[in-house]
Amino acid sequence: MSVTKWIENGIENLSGEFGEEKVKKAVELVKNFEVEIPTWSLGPFGGGRFGSYTPPGYAKNINQKLEDAAFINKLTGAAPMVSAHILWDFSKDGMEADYETALQVRDECKERNLGIGSINPTYFLKGSESGSLTSPCRETRKRYIEQTILGGRLAKEIGNGTLSLWFPDGSLYPGQIDLKETYLIMKDSLIECRRKIPEEVTMLIEYKVFEPGTYSTTVPGWGTSYLLAKSMGGNAGVLIDLGHHHHGTNIEQIVAMLIAEDMRCGFHFNTRYSADDDHAVEPNQENARIFYELLSGGVVAGGEKNWAYMIDQASGRENRIHALLHSLDSLQLSLAKAALVNTDGIKECREKDEIMLANRLFNDAIINADVRPVAAKARIEKGLPPDPVKAYLESGYQQKIGKR
Ligand code: AFD
Ligand code: MN
Ligand code: MN
């Protein structure tokens, strides 16, 4: 069967089940969805395992990372911006940020038809073993506060106004640090940064329940991020990284609560099969349920109060570009599924207290619908290849970068 016929049949089947309107809306939403690609997920990684194996063609420097990101955007049209890490992308020594280098990266992005999205200060390289913004060493704290303030300036001048913050602060054993005091130092440092960063820059605070702190992390959960963001007194919010929870955490409920509280948030998409660092996004039920909350909450794909969306994946074994194309595809499929949910029908079931019927109706879209034709149609309408992975395999790009 030709691809065109396969798409036609698929759209017809879905329209029959969910209605033409909903299917059209799903196609439009997929066309509008954009997510940032992190420069770091195209690079080395491996953490010493498997003899520091790196897959053929991984990007060795920022120029190659941008070259790959631009190619991914050319194939998908869904990732026109990259998320940058200050000490990986804008530094000569991995210790100090370099403003001039940041401007060069900005210029190179422009040449490649890319933009810089969120800016990530880097708190976890050399000299952060006792913490970053909570380090007991005044000098270290000062260095990271300054980097954060520069990050705020960069977010305004060359980025999209989002600063996303993840801290490696925490402890390995009970007794190692004073938990209350560490939290308060984090709060003070963040308040100081907020005061010195342009108001229009949104500061998103990422939480993580484990790693590198094995006994405690200073920002372990969404509640801590929420408290810190509130105490910063304006334009601060919560960054949810899917890989940063205990297995089985009901993440869509966290999303729903934050939307209900009108919190400005951001997302790092990935799949947590192991621990950190995380795998590519999979088109699984959890992601579709999360997208249902985002969509009904009006914070995604052109919603009134759009949140900030980034992919954050970095793993040792996979072909980097395959993994990112897979993630983009998975996100689009999850969004399409969420768009098909029969919300009126579910409301009716709720009114009649039909628990299982509500669940079955929800799952018709979230689990059982084959929405691949929706994503393919959206791509064709944007003048893109219907299957970006296939297009990549046929492009010859991998052979080219294999010689790097
Ligand atoms: C780390 C953290 C976190 C963060 C990323 C980039 O786990 O996900 O977003 O680095 O700073 O791996
Ligand atoms: Mn993250
Ligand atoms: Mn992570």
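The values are calculated or read from the model by the stated rules, or taken from the named source; none is laboratory data. Computed from a prediction, not measured in an experiment: that's the story for all the values here. Please note: Cβ atoms are built from the backbone with ideal geometry, for glycine as well, and neighbour counts cover all protein chains shown. Protein only, heavy atoms only, side chains kept; ligands, DNA and RNA dropped before computing areas. Shrake-Rupley method; radii C 1.70, N 1.55, O 1.52, S 1.80 Å.
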Inset, instruction - Determine which aspartates and glutamates satisfy two conditions relative to Lys5: a Cα distance under 17 Å, and not lying fewer than 8 residues away in the same chain. - result: Asp370, Glu381, Asp387
Inset, instruction - Could you sort 350-360, 329-339, 5-15, 57-67 so that the peptide with the highest average Cβ count within 10 Å comes first and the rest follow in order? - result: 329-339, 57-67, 5-15, 350-360
Legend entry - Length-normalised contact order of the stretch 35-340 in % [C-alpha pairs under 8 Å, at least 6 apart]: 17 percent
Inset, instruction - Give the peptides 28-34, 274-280 in descending order of average Cβ contacts within 10 Å, highest first. - result: 28-34, 274-280
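Can you tell me the accessible area per residue over the stretch 252-377, all protein chains present, probe 1.4 angstrom, in square angstrom?
Numbers: 5210 Å² over 126 residues.
Counting only protein heavy atoms, the per-residue value for the stretch 252-377 is 41 Å².
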Inset, instruction - Give the cross-link partners of Lys390 among the aspartates and glutamates, using a straight C-alpha distance below 17 Å as the criterion and excluding same-chain residues fewer than 8 apart. - result: Asp68, Glu318, Asp329
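When each pair of different Cα atoms in the stretch 287-404 is counted once in the 1/r mean, what is the Kirkwood radius in angstroms, to one decimal? If you can, show how the numbers build up before the last one.
Numbers: mean 1/r = 0.0605 Å⁻¹.
Result for the stretch 287-404, one decimal place: 16.5 Å.
Rounded if a/c is under 1.5, else prolate if a/b is larger than b/c, else oblate: which is the chain, with a ≥ b ≥ c the root eigenvalues of its Cα gyration tensor? Kindly include the intermediate steps, with their values, before the conclusion.
Values: a/c = 1.90, a/b = 1.32, b/c = 1.44.
Verdict is oblate for the chain.
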Legend entry - Solvent-accessible area per residue for the stretch 104-248 (1.4 angstrom probe, square angstrom): 45 Å²
Inset, instruction - Could you point to the residue in Gly94, Leu42, Ala308 farthest towards the positive end of the chain's charge dipole, with +1 and -1 charges on the Cβ of Lys/Arg and Asp/Glu respectively? - result: Gly94
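In cubic angstrom, how much convex hull volume per residue do the alpha carbon atoms of the stretch 82-157 span?
Details: hull volume 5.8 nm³, N = 76.
Expressed per residue, the convex hull around the Cα atoms of the stretch 82-157 is 76 Å³.
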Legend entry - Volume in Å³ per residue [convex hull over Cα atoms, computed for the stretch 215-320]: 118 Å³
Legend entry - Karplus 3J(HN,Hα) series, Hz, for the stretch 176-188 with 6.51 cos²θ - 1.76 cosθ + 1.60 (x for Gly, Pro): 5, 10, 8, 4, 5, 4, 4, 4, 5, 5, 4, 4, 4
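Carbon and sulfur atoms: what percent of the 1.4 Å accessible area of the chain do they account for?
Working: 9270 of 18350 Å².
Reported share for carbon and sulfur atoms: 51 percent.
Could you tell me which of rounded, prolate or oblate describes the stretch 277-351, using a ≥ b ≥ c as the square roots of the eigenvalues of the alpha-carbon gyration tensor, with rounded for a/c under 1.5 and, failing that, prolate when a/b is larger than b/c and oblate otherwise? If you can, show how the numbers build up before the last one.
Values: a/c = 3.04, a/b = 2.04, b/c = 1.49.
Verdict is prolate for the stretch 277-351.
When the helices in the chain are scored as -39500 (n - 2.57) per DSSP H run of 4 or longer and the sum is shared across all residues, what 222 nm value do you end up with, to the nearest 500 deg cm²/dmol? Let's see the in-between values first.
Numbers: 16 runs with 193 residues, N = 404.
The per-residue figure over the chain is -15000 deg cm²/dmol.
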Inset, instruction - Go through Lys60/Lys126; Lys24/Lys65; Lys31/Lys110 and tell me which ones have a Cα-Cα distance over 30 Å in this structure. - result: Lys24/Lys65
Inset, instruction - Under a cut-off of 16 Å between alpha-carbon atoms, report the aspartates and glutamates in cross-link reach of Lys180, not counting same-chain residues fewer than 8 places apart. - result: Asp169, Asp188
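Apply the a/c threshold of 1.5 to the C-alpha gyration tensor of the stretch 114-253 and tell me whether it is rounded, prolate or oblate.
Oblate, because a/c is 1.5 or more while a/b does not exceed b/c.
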